[in-house]
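For reference, the structure discussed in these notes is given below.
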Number of protein chains: 2
Amino acid sequence: MIIGLIGFGKVSQNLLKLIKSDNITFITSKENRSAGTMEKIDDAEIEVLDTFREVAEKSDILISANSPKQALEVAQKYAKLTGGIFVDLNNVSPDTTQKISELADDFVDAAIIGKIDSPNPVLYLSGKSAFKLKFLDEFIKTVIISDKIGDASILKMLRSTYTKTLSAVLIESYELSKKYGLENEFFDTLSLTEGDEFREKSLSRIQNTCGSSKRKSEELEEIIDYFDDDLIMVEAALEKLRRY
Amino acid sequence: MIIGLIGFGKVSQNLLKLIKSDNITFITSKENRSAGTMEKIDDAEIEVLDTFREVAEKSDILISANSPKQALEVAQKYAKLTGGIFVDLNNVSPDTTQKISELADDFVDAAIIGKIDSPNPVLYLSGKSAFKLKFLDEFIKTVIISDKIGDASILKMLRSTYTKTLSAVLIESYELSKKYGLENEFFDTLSLTEGDEFREKSLSRIQNTCGSSKRKSEELEEIIDYFDDDLIMVEAALEKLRRY
C-alpha cells in the first residue's frame, strides 16, 4: 500500500514515525518546498517523486496535511488525481471539509485529537470509506465515528468549543484571584477536585491563550459562525479574548 | 480544651468523627433543635448542655455551623458570650463574614474546601488568631492563609466562581454536542486531556447545576455583587443558568 503525503510538517513527520510497516510505502515530493522542508524530507524514510501530481496518482491513500489556509487549494489541485482515498488532516472547519469532500471521488474526514507528538494522539474518522482506514489502528489509535462526512471535523470543533471557553473562564477567575493575592490558594483549592496537575495545566492554557489571543478569537468566531446557535458562554469567551 | 458546636448538621457531625483526642471535649445543646437533630446528638459522642448560652460560655472554641441564613443571627446571639475563639463555618459571603467578625472578641474566618465527608477536606483559615487553630491539622488538613479576616471566605468564593462558571461551559458545549449526536465522542476526546473521570464528573456537574439552577443563579449573583468587577464569563454563566 502506498500512502502519499502532501505537506511535510509535524503531522506528516509524526505519521511517518508512528506508521511503520513492510506493507506500507510513504511517498511525497519536494516540489515547491522550502529548503527546511526539503532537509526534513531527506532525513526521513520516504520515497521522493518529482511532482505532487505523481504522488497523487500513485497513492492508495493521499493525505493532505498542510495549513488550514492551503487545504482547499491542495484539494482542488490533487483530490481528483488520486484513484485512492483522499484524507484531509488539516484543522479546517466542517464547512471546508464539506467542500473538500466534494472535490474527491473517495473522501474520509479525519481529525487528530490531542497533539500528534503527544503520547496518545487519537485519529477520529468519519465518512462511508472510513472503515478502509481502520487498519491504521495498529499504529495510532483510530476511532470511526460515523459514515457522515463532517462528523470528525464537527467533533474537533466541539472539543475546541469547550477548551477555548474554559480558557476564558480560567483567565477571568485567575485574574480575580490575583487581585486578592490568593492565586496560589486558588489553584490549591481547585487541585483538590480537579487533579494535581490543575495549576500547571491551567497556567499553560492561560499563557497559550493570552499569547495568541488574536488567533484564538478568530477560532471562536469560526465556532460561533459554524454552529449558529445561542452560545452565550462562547460569545462571552470571544468578548473576553478580544480584550487581550 | 472544649469545642462548642452550634448547629449539628453534616459539618458538625463530621468534625466529631475527624477530631478525636483525649484532650478535646465537644459540647452542644438540644435547645430548640428538631427531633431528628436531637436523635443525632444522642448517637454522637458529645456532651449536651441545657442551652447554647452555656455552650458559648464554656467553649474555648465556639464553632457556628448552621445554614448561611442563620449565620448572622447565631453570631449576634452567641459570639459575645464566649471567652474563646468564635469560628464561622457557614457558607457565607465575605461581607457577612466581616459583619460576624465584628460581633466577636476573637474571630477566625474558616472555610472547608471539598465536601466535609469527602476523603480529603481541607480547612482554610484566616485572621490574626488563625494560628491558634493550627493544632486541628492533626485531624483535618488545616491551612492558614493570612491574618486577614475575609481571605478564607474570599477564597471559597473564588473557587466557586471557577466551578460554577465551568458548569455553565459544560452545559453549553455538552448540549451542542448532543445536537450533533456526538456527546459520547465529545467526552471521549476531552478525556484524553482532562483525565479519565471527565465524563462522570462533568455529567454530575451538569445534573447538579441544572437540578438547582435557581440556587446556583443566586450564588452567581452574590459573586457578581461581591467582586464588583468586569466578570464577563460569570455574567454569561448567570444568563445561561437563568434559562434553566
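Tabulated data
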read-out: Looking only at the range A:204-239, and only at residues there that are facing chain B (nearest Cβ under 10 Å) and of a type in the set (Asp, Glu), the one that is least open to solvent (accessible area, probe 1.4 Å); value: A:ASP229
read-out: Residues that are modelled with pLDDT of 95 or more and not in a helix (DSSP H, G or I), drawn from the range A:90-111; value: A:ALA104, A:ASP105, A:ASP106, A:PHE107, A:VAL108, A:ASP109, A:ALA110, A:ALA111
read-out: Of all residues making up the range B:129-174, the number that are over 28 Å from B:ASP229 (Cα atoms) and among the charged types (D, E, K, R); value: 5
read-out: Hits in the range A:1-39 - residues which are charged (D, E, K, R) and surrounded by fewer than 16 Cβ atoms within 10 Å (Cβ to Cβ); value: A:LYS10, A:LYS17, A:LYS20, A:ASP22, A:GLU31, A:GLU39
read-out: Unique match (being under 12 Å from the mean Cα position of the chain (by Cα) and touching a residue at least 12 places away in the same chain (Cβ under 8 Å)) among B:LEU62, B:LEU72, B:LEU155, B:LEU136; value: B:LEU155
read-out: Criterion: crowded, with 18+ Cβ neighbours inside 10 Å, at the interface with another protein chain (Cβ under 9 Å from one of its Cβ atoms) and not β-branched (Val, Ile, Thr) - qualifying residue of B:LYS156, B:LYS179; value: B:LYS156
read-out: Subset tally (residues that are within 18 Å of A:TYR78 (Cβ to Cβ) and either within 13 Å of another protein chain (Cβ to nearest Cβ) or out of contact with any Ser or Thr (no Cβ under 9 Å at 6 or more places or on another chain) (or both)) for the range A:97-112; value: 5
read-out: Residues of the range B:50-71 that turn out to be surrounded by fewer than 18 Cβ atoms within 10 Å (Cβ to Cβ) and not β-branched (Val, Ile, Thr), as a count; value: 9
read-out: Options A:GLU194, A:GLU200; residue that is open to solvent by 30 Å² or more (accessible area, probe 1.4 Å), within 10 Å of another protein chain (Cβ to nearest Cβ) and among the charged types (D, E, K, R); value: A:GLU194
read-out: Single condition B:VAL74 does not satisfy, out of (1) closer than 21 Å to B:LYS148 by Cβ; (2) buried (at least 20 other Cβ atoms within 10 Å of the Cβ); value: (1)
read-out: All positions within the range B:164-210 that are touching an Asp or Glu at 6+ places or on another chain (Cβ under 7 Å) and in a helix (DSSP H, G or I); value: B:LYS164, B:TYR174, B:LEU176, B:SER177
read-out: Which numbered condition A:SER101 misses (of (1) in contact (Cβ under 8 Å) with a residue 12 or more places away in the chain; (2) open to solvent by 50 Å² or more (accessible area, probe 1.4 Å)); value: (2)
read-out: Checklist (1) open to solvent by less than 40 Å² (accessible area, probe 1.4 Å); (2) touching a strand residue (DSSP E or B) at 6+ places or on another chain (Cβ under 7 Å) applied to B:ALA44, failing item; value: (2)
read-out: Flag if B:SER153 is of a type in the set (S, T, N, Q), assigned to a helix (DSSP H, G or I) and either within 26 Å of B:ALA104 (Cα to Cα) or touching a Pro at 6+ places or on another chain (Cβ under 8 Å) (or both); value: yes
read-out: Residue check, B:LYS148 more than 13 Å from every other protein chain (Cβ to nearest Cβ), more than 17 Å from the chain's Cα centre (by Cα) and either part of a helix (DSSP H, G or I) or under 25 Å from B:GLN76 (Cβ atoms) (or both); value: no
read-out: Output for the range B:159-176, where each listed residue is of a type in the set (Val, Ile, Thr) and at the interface with chain A (Cβ under 7 Å from one of its Cβ atoms); value: B:THR161, B:THR165, B:VAL169
read-out: Matching residues, the range B:113-145, being crowded, with 16+ Cβ neighbours inside 10 Å and either part of a loop (DSSP other than H, G, I, E, B) or within 8 Å of another protein chain (Cβ to nearest Cβ) (or both); value: B:ILE113, B:GLY114, B:ILE116, B:PRO121, B:VAL122, B:TYR124, B:GLY127, B:SER129, B:ILE140, B:VAL143, B:ILE145
read-out: Strands (runs of 3 or more DSSP E) fully within the range A:21-81 counting 1 or more residues that are over 26 Å from A:LEU125 (Cβ atoms); value: A:47-49
read-out: Qualifying positions in the range B:212-243 - in a helix (DSSP H, G or I) and of a type in the set (S, T, N, Q); value: B:SER213, B:SER217
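The values are calculated or read from the model by the stated rules, or taken from the named source; none is laboratory data. Note that the structure is predicted; figures quoted are calculated from it, not measured. Counting neighbours? That spans all protein chains shown, and the Cβs are built from the backbone with ideal geometry, glycine included. We work out accessible area using only protein heavy atoms, side chains counted, and drop any ligands, DNA or RNA first. Shrake-Rupley method; radii C 1.70, N 1.55, O 1.52, S 1.80 Å.
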